[in-house]
Amino acid sequence: MSLVSAVDQSSVQEETVVRGRRPRVSPPPTRTERVDKVRGAILGLRDDLIADGFGSMLPPPATVVPISAAIHDAKTGGWIAHVEEPLGIYLQRVSIQDNFLQRPPFDHSSDPIYRRLIRDFISGAAMPESKVAALSRTIQGGRAESLDVADLYYSIIDGLQRGYCYGLAVLLVWRREQLVRDGLLSQEAWSYIEDTVEKAGEPRQAVEELLRRTMRYEVFWNIDLEGLLHYMVTFNTAQRRMSLDVQLEIMRGPLIRELENAGIPVWHDIASMPGMRQARDRFPASDLILATQAFITNNPQLTPASEAERLLNQSQAYLDNIGDINDVARTLTRLTAELHPEIMRVYAHDPSKRYVLSGGGTFFQSLAAACGYVRNRINMRALEAALDKIMTQVRKPGDDPLHLDDYQRALSTITSSRGKAMRRLVYDTFLRFFTGATLELEWSDTAAQITG
């Protein structure tokens, strides 16, 4: 055999062996593994940036210099003042380590709230100021009487999760999709934030811009660990979370004003005081917002949480993406100012049925979605005819023209995925009635189709 033939045969054998192996594919990292990787990357961020030539942006932090006169706190004996400094200094001064009584780390890039915060921060949004305690490493109890003490260290009182997000933001504009390959970021999170990162410019420019970004925080000193605990409780556990209903009304304020001007009886979630009960003959603003979106999309499966998240993520003005506001106002006015009073009149003797439209949101939202289906698939004239049909139905003689007894029995047969199934029950029943598939509101028949 010639040397050439031997070489060729050897190559064929080698190629056969290589092609015969299946490449070993490593499983994607778990969420816990991602969290550990992110934590390590943020802790090593300063040294890694300096090693890559960003040293001029990361000088050692000097003594904190407040930008305003300090305020004395008689409760703790401490002092509080405001500080402004570049992010490059802030990330060195405070750390995601050595923080007392804080929540354990989690996957910020997969959390919708913090993922959005990271995206907004990269795009230039101002962040609320953090609160940072200056403590002594050598004085018993940690009480540092001055910000000039040489052995100070800084513990975040409020803003640790934002600190994670700031570190992640720098990693994202610097290393980009490499974070996915290195197991620090899920592909879904990268897809969510990729456009914003690319718009920030090339990596070196984007990192330098972020490190120069002015950060504002409050610094607390001359406090001991007991005082630190006091502030931790005050700022982290004494806050009340804003309800989703109020969030929706704030974000869709102009829409609610339009609907109220059209004559719709609105109950303002934002004006409700503790202990105040909703006027049941009026429609909560949050229900009207969900009904509007259900009408536009002919989708009954909306929730306050999903709608609040959608509104936070969209960039359009308040009324730019809801279609023809006149169609929305006309339809909701007919449902709330025409159909609703008739239902209250017919079912005046039964509170469980009298407020079926205004009392819970599910019925109203799903009916609005069925109306949207008729309007979107046919036209507004067909919808007007459908609404006339339901008005004729509710005015028929008898104690229960809408067969709400049958509706309540149908609800009792639904035992799994109740929220989704209830919305589908109302949507499908009205849609069949509107399109002529049934001559009455056949609640039980619809329920049987849903439950199988």
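Coordinate-derived values only; no laboratory data. This is a predicted model, so every value here is computed, not measured. Heads up, the Cβs are rebuilt from the backbone with ideal geometry, glycines too, and the neighbour counts pull from every protein chain shown.
Taking other residues whose beta carbon is less than 12 angstrom from the beta carbon of Tyr90, and scoring Lys, Arg as +1 and Asp, Glu as -1, yields +3. Note on the chain: Lys pairs 8 or more places apart or on different chains, Cα atoms under 23 Å apart, count 4. What is the chain by shape, rounded, prolate or oblate, if you read a ≥ b ≥ c off the alpha carbon gyration tensor as root eigenvalues and call it rounded for a/c under 1.5, prolate for a/b larger than b/c, and oblate otherwise? Oblate shape, in that a/c is at least 1.5 and b/c is the bigger or equal ratio. So what's the angle, to the nearest 10 degrees on a 0 to 90 scale, between helix 225-236 and the longest Cα principal axis of the chain? Here the helix axis deviates by roughly 30 degrees.
Packing, taken as the mean count of other beta carbons within 10 Å per residue, orders the peptides 390-398, 36-44 from highest to lowest as 36-44, 390-398.
Using the Cβ-Cβ distance between Val394 and Glu309 with R0 set to 45 Å, the FRET efficiency from 1/(1 + (r/R0)^6) comes to roughly 0.80.
With a cut-off of 16 Å on the backbone N, the residues of the stretch 409-440 near the modelled label site 7 Å out from Glu338 along Cα-Cβ are 434.
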